[in-house]
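Q: What follows is a single structure, and I will ask about it in a moment.
Coordinate-derived values only; no laboratory data. In this text the structure is predicted, and so the values were computed from the model without any measurement. Positions of Cβ are backbone-derived with ideal geometry, glycine not excepted, and every protein chain shown enters the neighbour counts.
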Ligand SMILES: Nc1ncnc2c1ncn2[C@@H]1O[C@H](COP(=O)(O)OP(=O)(O)OP(=O)(O)O)[C@@H](O)[C@H]1O
Ligand SMILES: [Mg+2]
């Protein structure tokens, strides 16, 4: 196995990063039946909460913080469901900078490369590793970017602004040039988070002009069901006839489409 590592990014809060991580992980585990690991690098622990509900887990005692302190993430893996594991985060991870500084005083490269080092053994046991990060330029995003092979950018289509995404891509290039980062953008996902909103075609056209076919064709529309998954966990219920319930079907189909498109992009990038 040669697992690939993905970071879902944008330096803007609340654009759908965690939604994208949890849904892509779920689709890859269920629809593609691949072995998936989600690493929560956000002390808010949003991905952790969603996946805990998804797997009906309570009282999670493991945490990425302990793994970073002990220099071993393997003991912090929590099984969520078939094919899907996670490394959970909670507010104890707010002191990441201090942990890194204590481990590697005066060695900035070692500090931001620590996650990469810790996840190296997982590439033999998982097909994909998705990293969820907070929307800041910080030790969290630096560690995730250095560790990742690919970056998935989430673009909010209603904000008349590419700012957060542009800053993210520029920063990614900075890390590649100045530090040992090798990640490439595998796709930019247009996301709509507000009900009744319309896709801002100007932003989308602008994004396509700047980033060409990196912007995927699928637009993730607003779906109430995607919000419900925050509270209930991700699920796919079937009705009395054994068919997938309609709103679950729609919510999952959109992210299966995203996953397929990203896979096509990745195959293309691997071959050039
Ligand atoms: N397509 C969608 N339809 C409806 N609601 C959505 C959709 N995508 C995301 N949301 C909701 O929007 C909110 C923000 O999404 P999310 O938490 O994924 O953003 P984020 O970028 O991870 O935020 P943060 O920067 O705080 O980590 C959540 O309540 C989520 O359920
Ligand atoms: Mg988030």
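Q: Taking only the alpha-carbon positions of region 1-44 and ignoring solvent, what does the Debye formula give for the base-10 log of I(q)/I(0) at q = 0.16, 0.21, 0.26, 0.31 Å⁻¹?
A: After summing over all Cα pairs, the log10 values are -0.47, -0.77, -1.04, -1.26.
Q: Using a 7 Å offset from the Cα along the Cα-to-Cβ direction at both residue 178 and residue 163, what is the distance between the two label points in nm, to one decimal?
A: 2.2 nm
Q: Starting with the fewest neighbours, write out 82, 58 ranked by other beta-carbon atoms found within 10 Å of each beta-carbon.
A: Fewest to most other Cβ atoms nearby, the residues stand as 58, 82.
Q: Taking the Cα-to-Cβ direction at residue 170 and at residue 58 and moving 7 Å from each Cα, how far apart do the two end points lie in nm?
A: Taking the two extended label points, one gets 4.8 nm.
Q: Give me 98, 227 sorted ascending by neighbouring Cβ count inside 10 Å, so fewest comes first. Please list the in-between numbers first.
A: Working: 98 10, 227 14.
By the 10 Å Cβ count, ascending: 98, 227.
Q: Return the FRET efficiency for the residue pair residue 137, residue 253: r is the Cβ-Cβ distance, R0 is 25 Å, and the value is rounded to the nearest 0.05. Mind dumping the intermediate values first?
A: Details: r = 34 Å, r/R0 = 1.37.
The computed FRET efficiency comes out at 0.15.
Q: Would you calculate a helix-derived [θ] at 222 nm for the chain, using -39,500 (n - 2.57) for each DSSP H run of n ≥ 4 and dividing by the full residue count, to the nearest 500? Walk me through the numbers before you get to the answer.
A: Details: 11 runs with 120 residues, N = 272.
So the calculated ellipticity at 222 nm is -13500 deg cm²/dmol.
Q: Could you give log10 I(q)/I(0) at q = 0.10, 0.11, 0.15 Å⁻¹ for region 1-149, computed by the Debye formula over C-alpha point scatterers of equal weight, without solvent?
A: -0.30, -0.36, -0.69
Q: Give me the Debye-computed log₁₀ of I(q)/I(0) at q = 0.22 Å⁻¹ for region 35-122, equal point scatterers on Cα only, no solvent, two decimals.
A: Normalising to I(0) and taking log10 leaves -1.06.
Q: Here is a follow-up. Tell me, what is the FRET efficiency for residue 108 and residue 31 to the nearest 0.05, using R0 = 45 angstrom and their Cβ-Cβ distance as r?
A: Numbers: r = 40 Å, r/R0 = 0.89.
Efficiency at R0 = 45 Å is approximately 0.65.
Q: Another one. What list do you get for 208, 202 if you sort them by fewest beta carbons within 10 Å?
A: Values: 208 15, 202 10.
Neighbour counts put them in this order, fewest first: 202, 208.
Q: Would you work out if region 116-272 is rounded, prolate or oblate? Take a ≥ b ≥ c from the square roots of the eigenvalues of the alpha-carbon gyration tensor; rounded if a/c is under 1.5, else prolate when a/b is larger than b/c, oblate otherwise.
A: oblate
Q: Something else about it: In units of 2.2 N^0.38 Å, what is the alpha-carbon radius of gyration of the chain?
A: Taking the Cα Rg and dividing by 2.2 N^0.38 Å, one obtains 0.97.
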